[in-house]
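Working notes, structure below.
The values are calculated or read from the model by the stated rules, or taken from the named source; none is laboratory data. Treat the numbers as computed from the prediction; the structure is a model and nothing was measured. Glycine gets a Cβ as well: all are built from the backbone with ideal geometry, and neighbour counts include every protein chain shown. Please note that ligands, DNA and RNA were not included when accessible areas were found on the heavy atoms of the full protein model with its side chains. Shrake-Rupley method; radii C 1.70, N 1.55, O 1.52, S 1.80 Å.
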Amino acid sequence: MATCALRGQLFPAGRAGAEALATRGIASPEGPERPGPLQDETLGVASVPSQWRTVQGIRGETKSCQTASIATTEVSAQTWKHADAEVQTEAPEPVSVPSSVSWSDGPGLAAFLRRVEPMVTRELNKNWQSHAFDGFEVNWAEQQPTVTCLHTLGYPPAQAQGLHVTSVSWNTTGSVVGCAYGRLDDGDWSTLKSFVCAWNLDRRGLKPQQPSAVVEVPSAVMCLAFHPTQPAHVAGGLYSGEVLVWDLSRPEDPLLWRTGLTDDTHTDPVYQVLWLPEPRHSQRFQVLSAAADGKVLLWQGGTGGRLRLSAGFALAVQQLPRNTKLKKPPRGETEVGATAVAFSSFDSSLFVLGTEGGFPLKCSLAAAEAALTRMPSSVPLRAPAQFTFSPHGGPVYSVSCSPFHRNLFLSAGTDGHVHLYSMLQAPPLASLRLTHKYLFAVRWSPVRPLVFAAASGEGEVQLFDLQKSSQKPTVSVKQTQDERPVYCLEFNCQQTQLLAAGDAQGTVKVWRLSTEFTEQGPREREDLDQLAAEVAT
């Protein structure tokens, strides 16, 4: 039974309870069982419907989410290409035999061929045995009628110091010409800073006043020689007596080897350097240096960037061969200064030395006699001289061995003469007076047996063709306009039409030779042999 409470009173639920609440709990007097104001009474049930479930049902939510729409693209590609080509030759036309040819003449033709066969055979044999065209080569290049200057090269910082070009050299490819800067006149220039420069003539955009490579050197460079097989390696001899080897492909650190200042080093200027193959290793090379102290030294590249002395020779006055009369040396002088060197093309141990005394010397690397000298050395020094030639009137500045004859060589000196010598006799075969001033260089042509070039103290490069004249130059070109000396020159053995010459203005000029100096004529070698044989007898 449900009840309600009001101020501590309990009322039954339902209709009776509702009425009791309305009367604030006062019962009717008819109530039977309770005395007084409180009597029991049965009332109806009061119900209160729940609102909570209704509210919860209303609050229900439905949610959903959706990603962005997916974009799709369809692309198609199609190539379409074709080509048709046809080649058609013309239909061959049948060769028709002219009707005028009569095959009835066959026996007569055969008889004619049998009759002339001995005569034709005889003439063919005569032509085969002839030497009229020996040495002749067909040259399809354009003919060059004159000697012309292709390039005028120089290095302004060296020229500003008044330096001379003391030596020039072509590398093994024939595309790079290098030069040494120094001084060949009087004055104290022992500590003068100098340069080695090189130009690549095949490089596009060649700038004559901007060398492809420049090496600064602490002393004047007197001579230069490129390596026979390594295009970037070059050796140089200094006024201080040192010999150095550079790698021009390393501009930041070009120095490969140097002799240093030791007891083995030359004590006077080095006037010439050459590369020679090592005796037991034909692919490895050593450097030969000749200097005014009378020593000829052979160097090999060693560890630590040092050149190591492998062999040496010394020229002592008392050991010179006495086959010709020489001037008596000054009192107390025991060494003979070497000024130039040239090796035979036919004997790798045979070489010629030019000397300050004016006489050329025939020497040998195979010499075994000990040199009579007090000069200190880490290896035994030997005496190389085997034969003495008749002297010039002054020091010899240049010598050159013929590439076409084993016994012939040239020498040039301060007397203005070029001497043509044979290895077989002391007097010269011929003596040519070229200038009243010094001659500083002479070189045989690498392609013409009877051609050579000389550099004069009057600023000229003189080209001789002994087939045309043995007394005067065939062509003489002006190297310098103010008659300043030309100190050096070299033929290009790869590009044989080129000749480089250096002068006292600090300039290197590259000359293009005319065709007459580059094409060998018929019987030229025979004429050279005849020249040597006639004078030697």
| Restricting attention to the range 463-473, does a residue exist that is of a type in the set (K, R) and closer than 28 Å to H131 by Cβ? | yes
| query | Condition test on C493, is it closer than 23 Å to V418 by Cα, open to solvent by 60 Å² or more (accessible area, probe 1.4 Å) and of a type in the set (A, V, I, L, M, F, W, C)? | reply | yes
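Is the range 464-480 home to any residue that is among the acidic types (D, E) and out of contact with any Lys or Arg (no Cβ under 7 Å at 6 or more places or on another chain)? First the steps, then the outcome.
Kept after step one, since they are among the acidic types (D, E), are these residues of the range 464-480: 465.
Next, from what is left, pick out any that are out of contact with any Lys or Arg (no Cβ under 7 Å at 6 or more places or on another chain): 465.
The answer is yes, given that some residue of the range 464-480 is among the acidic types (D, E) and out of contact with any Lys or Arg (no Cβ under 7 Å at 6 or more places or on another chain).
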| Criterion (surrounded by fewer than 22 Cβ atoms within 10 Å (Cβ to Cβ), touching a Cys at 6+ places or on another chain (Cβ under 6 Å) and small (G, A, S)) met by exactly one of S364, S390, S344 | S344
| remark: Note on P231: of the conditions (1) open to solvent by less than 40 Å² (accessible area, probe 1.4 Å); (2) touching a residue at least 60 places away in the same chain (Cβ under 8 Å), unmet is (1)
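Can you tell me which residue is surrounded by the fewest Cβ atoms within 10 Å (Cβ to Cβ) among those in the range 250-260 that are touching a residue at least 24 places away in the same chain (Cβ under 8 Å) and assigned to a loop (DSSP other than H, G, I, E, B)?
P251
Results for (1) over 29 Å from F285 (Cβ atoms); (2) open to solvent by less than 20 Å² (accessible area, probe 1.4 Å); (3) part of a strand (DSSP E or B); (4) at pLDDT 90 or above, shown as yes or no for each residue.
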site: C179; (1), (2), (3), (4): no, yes, yes, yes
site: D188; (1), (2), (3), (4): yes, no, no, no
site: G205; (1), (2), (3), (4): yes, no, no, no
site: Q210; (1), (2), (3), (4): yes, no, no, yes
| query | Can you tell which of L320, L298, L288, L350 is under 28 Å from T262 (Cβ atoms) and either open to solvent by 20 Å² or more (accessible area, probe 1.4 Å) or at pLDDT below 95 (or both)? | reply | L320
| Residues of the range 479-515 that turn out to be in contact with a strand residue (DSSP E or B) (Cβ under 8 Å, 6 or more places away or on another chain) and among the hydroxyl-bearing types (S, T, Y), as a count | 4
| Got at least one residue in the range 467-476 being touching a Phe, Trp or Tyr at 6+ places or on another chain (Cβ under 9 Å) and open to solvent by less than 10 Å² (accessible area, probe 1.4 Å)? | no
| Filter result for the condition that a residue is under 14 Å from G354 (Cβ atoms) and either open to solvent by 20 Å² or more (accessible area, probe 1.4 Å) or under 31 Å from the mean Cα position of the chain (by Cα) (or both), over H405, H417 | H417
| field | Selected residue (only one of A383, A338, A342 is over 19 Å from Q425 (Cβ atoms), out of contact with any Asp or Glu (no Cβ under 6 Å at 6 or more places or on another chain) and of a type outside the set (S, T, Y)) | value | A338
| query | crowded, with 16+ Cβ neighbours inside 10 Å and either without any contact (Cβ under 8 Å) to a residue 60 or more places away in the chain or in a loop (DSSP other than H, G, I, E, B) (or both) - does that describe any residue in the range 522-531? | reply | yes
| query | If only one of D264, D247, D268 is crowded, with 18+ Cβ neighbours inside 10 Å, of a type outside the set (A, V, I, L, M, F, W, C) and in contact (Cβ under 8 Å) with a residue 60 or more places away in the chain, which one is it? | reply | D264
